[in-house]
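This report concerns only the one structure given below.
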Amino acid sequence: LNVTEEKFVLDTLAGCAEYKSILDVVVNAFYVQDGRYCPISERNLYLVICYLATFQLEDIGLQHFSRIVKSLDTAKMQKFLRFFFNDLYLNTWIKDEWSHFYDSMYVKENWIDPLLRWQPKVQQLIEKLTDKLSNRTTIVKTSRVTQPKEFNLTAPKPRPIPLPPPAPLPILAKRQPVPPSIYKPPKERKQLEEIKTKNIQKAKVSVRSLTCVCKGGPFFLNTLPVQGKILTGRETDPLLSQYLEVFWESVLTQYFQELTKQAQDLIDNIPIKLNTAAILREGALYQRKLEEELKRIENLQQGAGDPSEFLEWQKQMRGKDLEEQLAEIECRRLQGKLSHEEAVLARQNVIQENKKKADLLREEKAELMNLYAEKRLQEQKEMKELVEQVAEGHKNVKQVKAKIQEYKQQIVQQVCEESEELLRQALEEEEEKNRKRYELIQQIRAIESIPSIKHKFVDLTETGGHGLFGEMSVVELRERLALLKEAQKAAEEEKRDQIIHEKQAKEQLLLDKLDQISQFRAELGRAAALKQEEKKKSQSGERPMKDERILFLQKKIAEKTMERKKQEGLL
C-alpha cells in the first residue's frame, strides 16, 4: 500500500476499535432481523461498512463509498444498507441505543442527522444494487497468462568498520574470606539441648520408679480413704481406679512443674552475648524508662495524682477475668473429653456391626469362589480341545516354511558376496587418499621446521614515537607508578589510624552502656523478687474454688469411662 491507502486503513481500524460498542448495536440487530442466514465470519465486514457510512462518508465521499460497496458481494451489501439506512430504524431504536453510550443531542446532531441527509443518495445506490441482482448474468472467467518478473535480488550490505579492541577489565581487590564462626551453631543452643536431654532422662527415671510403686512395691498405698470408707488395693471397684488415676496424675503434674521451673532457672542464668545493636537498643530502652520515671516524679511534685490504686483495681479485675477464662477453658476441655468417650462407644458399636457384615460377606465370597472354580475347569477343557486342533494344522505348515527358508538363504549368500567386493574397492580408494594426505602433511611440516631468525632490541628509556599527548618511556612510567603507590600507602595508613580511633570511641561507649544496663537489670531483678514474694503471700491466703459445671462434667466423664470399659470387656 502507498502512504494514503495505509493511512486510510489504519484510521478505519482505529475507529472500529474506538466505536465498537455502538457498531455492535447495529450489527447484532441486523443478524437478528435481516441477516439470520448470514455467516458469523462476515461480522467484521458489516462493522467496517457501518463505520464508513456513519463516520467517514463526509470525508471519502459517496463515489469512493460506492466503489468500496460494489467491490464486495452485491446481495449482502444490498441487504445490510437497506437495513441500516431505514428512516424508521434511525429515528427510533438506533438513536435510543446509541444514546445509552453518548449524549442524545450529540448523537442526533453528529450521527443521525448526517445519515438522514445521505439517505436519498444511498437509496439510489441500493436501487442500483437491486437492479444488478435482478439482471445478474453469469461471467465466464478467462485464464490469465503468466507474466515473467525480474528477480528481486538482495543488495549486498556494506562492510562494517572494524571496532577498536575492548578496554581491559579492572582487577578488583581480593576480598576477605568469610569467618568460619558464621557456619557454627551458637554454644547456648548446645547447652539448652543438654539441659533438655537431662530433664527427659530424669523424668523417665521418676516415671519408672512411680510405675514400680504402683505395681505393688513396698510403699504401695494398700488402703485409701474414699468418702468415709476404706478401699483395699485388691478391690476392682471402678471408683478406686478413678481415684488412683487422679492421685498419680496430680503427683506427676507437680513433679513436671518442678522440673520445668528448674530448667527455666538454668536457662535464665545462661550468659547471652550481646552485639552492638542489642546493647544500644537496650541502653536506649532503659534511658527512656528513666526519663519516664523522672517525668512521673516531676508530675507528682507538681500535684498530679498517683495511678497506683487504679492499676491495683485493674490488676484485680484482670485476675478475675483470667480465672473465669480458665474455668471456661477447663469446661471446654472436659466437654471435649466427654465427646471423645461418646465417640469411642459409638465406634465400638460400629465395630460389632462391621463384624456381622464381614461374616455375611465371607459366606457369599465362598459360594462365588466355588462357582468360579467350576467355570474355570470347563474353560480349561475347551481350551485343550482347541490346542489339539491347532497342532494338527501346524504339521502341514512346517514343510512350506523349510522351503522358504532355503530360498532366503541362497539370496542372502549372493548379496553378501556382492557387498564384500564393493567394500574391498572402497577400502583401496580410502588407502590411496590417506597416502596422498600423509605425503602432503610431511611436506608442510618440513617447511615449518626451517628456523626463522628475528632479532628486535628494545630500549626502555625511549618513547614509542606515536606522537600522542603525555607519551612516556617505560622507565618513567615505572617511576610514576612507584610514586603513586607510595601516596596510596600513606593515605591507607591515615585512614587506618582514623578507623582505630573511631573504633576505640565506640568500644568505650558500649562499655558505658553495658555498665548502665547491668545496673538497671540488678534493680529490676530485685523488684521482680519482691513482687514474686508478695504474689506468693497473696496466693497462700486464697482458696481454690472449682466451678459447678466442671464438677458435673467430671462426674459425667467418669460414668462414660465405666460404661466404655464394660463395653471393652464384652468385646
Please tell me if Lys506 is under 29 Å from Leu285 (Cβ atoms), in contact (Cβ under 8 Å) with a residue 40 or more places away in the chain, touching a helix residue (DSSP H, G or I) at 6+ places or on another chain (Cβ under 9 Å) and open to solvent by 100 Å² or more (accessible area, probe 1.4 Å). yes
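Results for (1) of a type in the set (D, E, K, R); (2) modelled with pLDDT of 80 or more; (3) open to solvent by less than 100 Å² (accessible area, probe 1.4 Å), shown as yes or no for each residue.
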| residue | (1), (2), (3) |
| --- | --- |
| Lys273 | yes, no, no |
| Gly283 | no, yes, yes |
| Lys295 | yes, yes, no |
| Ala304 | no, no, yes |
| Leu311 | no, yes, yes |
| Lys315 | yes, yes, no |
Taking Gln78 as meeting all but one of (1) under 56 Å from the mean Cα position of the chain (by Cα); (2) within 30 Å of Tyr37 (Cβ to Cβ), write down the number of the exception. (1)
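Return yes when Pro148 is open to solvent by 100 Å² or more (accessible area, probe 1.4 Å) and at pLDDT 85 or above and no when it is not.
Numbers: open to solvent by 100 Å² or more (accessible area, probe 1.4 Å): yes; at pLDDT 85 or above: yes.
Yes, satisfied.
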Just for the range 329-348: of the residues that are touching a residue at least 40 places away in the same chain (Cβ under 8 Å) and hydrophobic (A, V, I, L, M, F, W, C), which one is nearest to Ala558 (Cα to Cα)? Leu338
Check off (1) open to solvent by less than 60 Å² (accessible area, probe 1.4 Å); (2) within 20 Å of Asp34 (Cβ to Cβ) for Glu97 and give me the number that stays unchecked. (1)
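Of all the residues that make up the range 1-52, how many are polar (S, T, N, Q) and without any contact (Cβ under 8 Å) to a residue 40 or more places away in the chain?
At the first step, the residues of the range 1-52 found to be polar (S, T, N, Q) are 2, 4, 12, 21, 28, 33, 41, 44.
Still in the list and also without any contact (Cβ under 8 Å) to a residue 40 or more places away in the chain: 2, 4, 28, 41, 44.
Residues that pass the stated criteria total 5.
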Show the residue pairs that are 6+ apart or on different chains and have beta-carbon atoms under 9 Å apart, the first residue being within the range 53-78 and farther than 18 Å from Val26 by Cβ, the second being outside any helix (DSSP H, G or I) and open to solvent by less than 30 Å² (accessible area, probe 1.4 Å). none
If only one of Lys355, Lys381 is open to solvent by 100 Å² or more (accessible area, probe 1.4 Å) and within 30 Å of Gln567 (Cα to Cα), which one is it? Lys355
Of the residues in the range 523-566 that are of a type in the set (S, T, N, Q) and at pLDDT 75 or above, the one that is nearest to Tyr286 (Cα to Cα) is Gln532
Collect the residues in the range 1-48 that are in contact with a helix residue (DSSP H, G or I) (Cβ under 6 Å, 6 or more places away or on another chain) and modelled with pLDDT under 85, keeping them in residue-number order. Asp34
Please list, ordered by residue number, the helices (runs of 4 or more DSSP H) wholly in the range 1-91 having 3 or more residues that are over 21 Å from Asp113 (Cβ atoms) and open to solvent by 90 Å² or more (accessible area, probe 1.4 Å). 3-18, 57-70
Test: residue in the range 161-173 that is open to solvent by 100 Å² or more (accessible area, probe 1.4 Å) and either of a type in the set (Lys, Arg) or at pLDDT 85 or above (or both): no
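For the range 155-175, how many residues meet the condition of being small (Gly, Ala, Ser) and over 48 Å from the mean Cα position of the chain (by Cα)? Full working, then the answer.
Within the range 155-175, the first condition is being small (Gly, Ala, Ser), and the residues that meet it are 155, 167, 173.
Filter once more, so that each one left must be over 48 Å from the mean Cα position of the chain (by Cα): 155.
Result for the range 155-175: 1.
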Tell me the helices (runs of 4 or more DSSP H) entirely within the range 94-174 that contain at least 1 residues that are closer than 20 Å to Phe84 by Cβ, among the basic types (Lys, Arg) and in contact with a helix residue (DSSP H, G or I) (Cβ under 7 Å, 6 or more places away or on another chain). 95-99, 113-134
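The values are calculated or read from the model by the stated rules, or taken from the named source; none is laboratory data. Here the structure is a predicted model, which is why all the values come from computation and not from measurement. Note that we place each Cβ from the backbone using ideal geometry, even for glycine, and neighbour counts take in every protein chain shown. Heavy atoms of the whole protein, side chains included, go into the accessibility calculation; ligands, DNA and RNA do not. Shrake-Rupley method; radii C 1.70, N 1.55, O 1.52, S 1.80 Å.
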